1. In segment 125-148, how many are surrounded by fewer than 22 Cβ atoms within 10 Å (Cβ to Cβ), free of Cβ contacts under 8 Å to residues at least 60 places away in the same chain and either closer than 14 Å to Leu80 by Cα or in contact with a Ser or Thr (Cβ under 7 Å, 6 or more places away or on another chain) (or both)?
2. Among the residues that make up segment 299-306, is at least one of them under 20 Å from the mean Cα position of the chain (by Cα) and either buried (at least 24 other Cβ atoms within 10 Å of the Cβ) or not in a helix (DSSP H, G or I) (or both)?
3. If you check Asp302 against the conditions, is it among the charged types (D, E, K, R), within 30 Å of Leu36 (Cα to Cα) and free of Cβ contacts under 8 Å to residues at least 60 places away in the same chain?
4. List pairs: first residue in segment 240-252 and surrounded by 15 or more Cβ atoms within 10 Å (Cβ to Cβ), second residue among the basic types (Lys, Arg) anywhere in the structure, Cβ distance under 7 angstrom, at least six positions apart or on different chains.
5. List pairs: first in segment 8-37 and touching a residue at least 24 places away in the same chain (Cβ under 8 Å) and closer than 16 Å to Val321 by Cα, second buried (at least 21 other Cβ atoms within 10 Å of the Cβ) and among the β-branched types (Val, Ile, Thr), Cβ under 7 Å, 6+ apart or cross-chain?
6. Looking only at segment 282-295, decide whether some residue is in a loop (DSSP other than H, G, I, E, B), surrounded by 21 or more Cβ atoms within 10 Å (Cβ to Cβ) and hydrophobic (A, V, I, L, M, F, W, C).
7. Filter segment 106-147 down to the residues that are under 28 Å from Ala200 (Cα atoms) and of a type in the set (Ser, Thr, Tyr) and list them by number.
8. If we only count helices (runs of 4 or more DSSP H) wholly inside segment 1-104, which ones have 1 or more residues that are in contact with a Gly (Cβ under 8 Å, 6 or more places away or on another chain)?
Amino acid sequence: MLFPTTLVGSYPQPEWLIDRAKLAGRFPPRVRALELWRVPPALLAEAQDDATLVAIKAQEDAGLDIITDGEIRRESYSNLFATALEGVDLDNPGTALDRSGHPNPVPRVVGRIRRRHAVGVRDLKFLRSHTTRRVKVTVPGPFTMAQQAQIDFYSGSREQASMDYAQAVNEEIRDLFAAGADVVQIDEPYMQARPEEARAYGLKALNRALEGITGTTAVHICFGYAAIIHTRPSGYSFLPELAECSCRQISIETAQSNLDCSVLRSLAGKKIMLGVIDLADPAIESPELVANRIRRALPYIDAGDLMVAPDCGMKYLPRQVAFGKLQAMVAGARIMRMELESKRAAT
């Protein structure tokens, strides 16, 4: 299929499940933030399952081709996995600068990073059992997790820490594919935020996380949540380098940033998950606007290598807005699919 549609990862959590005002009023948590949940601990897992079913149904009703669990059980895209690892002192968090330059509580690494157990396999199996469509799951990337931590071990070396994070991610990805994932996406937004360090060792850590993996993998790199980071640069500070990564798909944002899509020439051989939904604008795009955003990329990439997605995770949007934007995204992809098929038939 031309232009298959998918989420980048997250879908808005219901207000009855999580305190969305508190969630939006702070930087995404790097340590656990159980105070955000409205449901008592004894009932939380069941409530999260119920909300996940709502997210799956919303994606199917909107017409998406590849379904995620909406990351409904997560307080942020990275903290659930990062705080499940051995070597982290959960009782005494550290501090690190977030991508906006402010100090934030983060996991404090006091020993060797090791994966204790599978973190997302149960969630994947739940997703897999409730949809017949292809499914995607997301895991935080090793470079990003090393940036979002206070490294007291490894002589303070984020590079050394990132390689052990990579080993943990590699083990998780293997288990996710064994459990039935069609796509596993690695989230590496801090490669854009910290490009010099990313050039020094980020790509090495990412490829270590992908070593020996044969399933379909993606990496997501962005400018940050639109609800948190309001200004966008004119282009990526770290993107062409991903041509050397082992993943098959690269997820980028183009809608809010109005990105010059000629940069896609530097990623020949990769499938591109093109962000065409602006998450900073509460207005729901028209299908034709979505189609135009897809058209902007076509001079620089073969249509068969293009996927369609929002710019980033949708968790900060009102649910009705997110659903409307997904419907528009699917309709815009359909316009382009029919347009190209008509052109091919004419020739």
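The values are calculated or read from the model by the stated rules, or taken from the named source; none is laboratory data. Remember, it's a predicted structure, so these values are computed and weren't measured experimentally. Reconstructed Cβ throughout: ideal geometry from the backbone, glycine too, with neighbour counts over all protein chains shown.
1. Number of matching residues: 0.
2. Keep residues of segment 299-306 that are under 20 Å from the mean Cα position of the chain (by Cα), which gives 305-306.
With either buried (at least 24 other Cβ atoms within 10 Å of the Cβ) or not in a helix (DSSP H, G or I) (or both) added as a condition, the list becomes 306.
Checking segment 299-306: at least one residue is under 20 Å from the mean Cα position of the chain (by Cα) and either buried (at least 24 other Cβ atoms within 10 Å of the Cβ) or not in a helix (DSSP H, G or I) (or both).
3. Values: among the charged types (D, E, K, R): yes; within 30 Å of Leu36 (Cα to Cα): no; free of Cβ contacts under 8 Å to residues at least 60 places away in the same chain: yes.
Against the criterion (among the charged types (D, E, K, R), within 30 Å of Leu36 (Cα to Cα) and free of Cβ contacts under 8 Å to residues at least 60 places away in the same chain), Asp302 does not qualify.
4. Within 7 Å, the pairs are Glu241/Arg199; Arg248/Lys270; Arg248/Lys271; Gln249/Lys270; Gln249/Lys271; Ile250/Lys270.
5. Once the first residue is touching a residue at least 24 places away in the same chain (Cβ under 8 Å) and closer than 16 Å to Val321 by Cα and sits in segment 8-37, its partners that are buried (at least 21 other Cβ atoms within 10 Å of the Cβ) and among the β-branched types (Val, Ile, Thr) give Gln13/Ile72.
6. no
7. Hits for segment 106-147 are Thr138, Thr144.
8. Output list reads 41-62, 79-82.
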